[in-house]
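These notes concern the structure reproduced below.
What follows is calculated from the coordinates using simple rules that are stated; it is not laboratory data. Here the structure is a predicted model, which means the values were calculated and not measured. Cβ atoms come from the backbone with ideal geometry, glycine included; neighbour counts cover every protein chain shown.
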Amino acid sequence: DAGVIQSPRHEVTEMGQEVTLRCKPISGHNSLFWYRQTMMRGLELLIYFNNNVPIDDSGMPEDRFSAKMPNASFSTLKIQPSEPRDSAVYFCATSRGGTTGELFFGEGSRLTVL
Amino acid sequence: RKEVEQDPGPFNVPEGATVAFNCTYSNSASQSFFWYRQDCRKEPKLLMSVYSSGNEDGRFTAQLNRASQYISLLIRDSKLSDSATYLCVVNRPSKSTFGDGTTLTVKP
């Protein structure tokens, strides 16, 4: 089985540009999580979807960040406009059911905002 | 105070040493607990689940103490390949919280 697939793996952009990160979950996993990892703040949960519905978005930093899950096989995390402090590795993770089971992570999208 | 607090490390140990990490959590409604391993510039991967009765997998032992609200990971006879960052995870309904991670370096 394919794991969680994220794209792009690396992105370098300039401040003010729009960034869209994509995630394809493992088939059959109905929970999807977006995390951000930096040296300073560690691994932070941004948003959690269950059955395509956002359950907890309290970790989304501000209005510049938005996430969607239009169907069970695709999710996006968008930053508009991007700022240098958004530079981080963004991970998508999925699970079979909620927050109580094993999380399977994608390889991450490494974002650098200049 | 953070919901999950973890030994900051780093831990630098010789091959063959025994090393233990601890992680404390503040929310008594927490229901499930895990240890993940993250190699440099890679994604976290599940190492093992943590149960009140203890969980052993080869050289690795994980333990949960609900009364004191902490979990632990013991690595015996450490190998060079154990060098990584170890993250504890504490889950409750609609919330999955990672510790900041403890970095382990095993030296020859």
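Quick look at the numbers
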| read-out | value |
| --- | --- |
| Spatially proximal aspartates and glutamates relative to B:Lys107 (Cα-Cα < 14 Å; intrachain offsets below 8 disregarded) | B:Glu15, B:Asp77, B:Asp82 |
| For A:Ser7, net neighbour charge (Lys/Arg +1, Asp/Glu -1) across residues whose Cβ lies under 15 Å away | +2 |
| Virtual spin-label span in nm between A:Glu102 and B:Cys40, 7 Å along Cα→Cβ | 2.7 |
| Per-residue Cβ neighbour rank within 10 angstrom, fewest leading, B:Cys40, A:Cys23, A:Cys92 | B:Cys40, A:Cys23, A:Cys92 |
| Of B:Gly16, B:Ala62, B:Ser94, farthest towards positive along the dipole that unit charges on Lys, Arg, Asp, Glu beta carbons give chain B | B:Ser94 |
| Rough spin-label spacing in nm, given labels placed 7 Å along Cα→Cβ, for B:Ala67 and B:Thr103 | 3.7 |
| Between region A:1-48 and region A:70-114, the alpha-carbon center distance in angstrom | 2 |
| Chain A pair-distance distribution - Cα-Cα, 5 Å bins, rounded % | 2, 13, 24, 27, 19, 10, 4, 1 |
| Inter-chain shielding of B:61-72 (mean C-beta neighbours from other protein chains, 10 Å cut-off) | 0 |
| Average Cα contact separation per residue, region A:1-68, under 8 Å, 6 or more apart, as relative contact order % | 20 |
| FRET efficiency for B:Ser28 and A:Thr38, using Cβ-Cβ distance with R0 set to 41 Å, rounded to 0.05 | 0.90 |
| Interchain or long-range residues, amide H under 5 Å from B:Ser83's placed H | B:Val106 |
| Free-standing Cys residues across chain B, given no other cysteine C-beta under 4.7 angstrom | B:Cys40 |
| Low-density loop positions, trypsin sites (Lys or Arg not before Pro), region A:1-51 - DSSP coil, at most 15 other Cβ in 10 Å | A:Arg9, A:Arg41 |
| Compactness index (Cα Rg / 2.2 N^0.38 Å), region B:1-79 | 1.13 |
| Once exposed loop GluC sites (Glu not before Pro) are cut out (DSSP; at most 11 other Cβ, 10 Å), longest piece of chain A | A:63-114 |
| Trypsin sites (Lys or Arg not before Pro) restricted to region B:75-108 and DSSP loop, no more than 16 other C-beta within 10 Å | B:Arg76, B:Lys79 |
| Distance between modelled label sites at A:Met15 and B:Glu56, nm, 7 Å Cα→Cβ extension | 5.6 |
| Förster radius 35 Å - calculated FRET efficiency between A:Asn52 and A:Leu114, Cβ distance, rounded to 0.05 | 0.55 |
| Proximal lysines relative to A:Lys68, as straight alpha-carbon distance under 21 Å, when same-chain residues fewer than 8 apart are discounted | A:Lys24, A:Lys78, B:Lys95 |
| Dmax and Rg, reported as Rg then Dmax, of the protein assembly as shown (C-alpha, Å) | 17.6, 52 |
| Shielding of A:15-22 by partner chains, average beta-carbon count, 10 Å | 0 |
| Net charge dipole size for chain B [Lys, Arg +1 and Asp, Glu -1 on Cβ; Debye, nearest 20] | 200 |
| At most 10 other Cβ within 10 Å, DSSP loop - trypsin sites (Lys or Arg not before Pro), region B:8-51 | B:Arg41 |
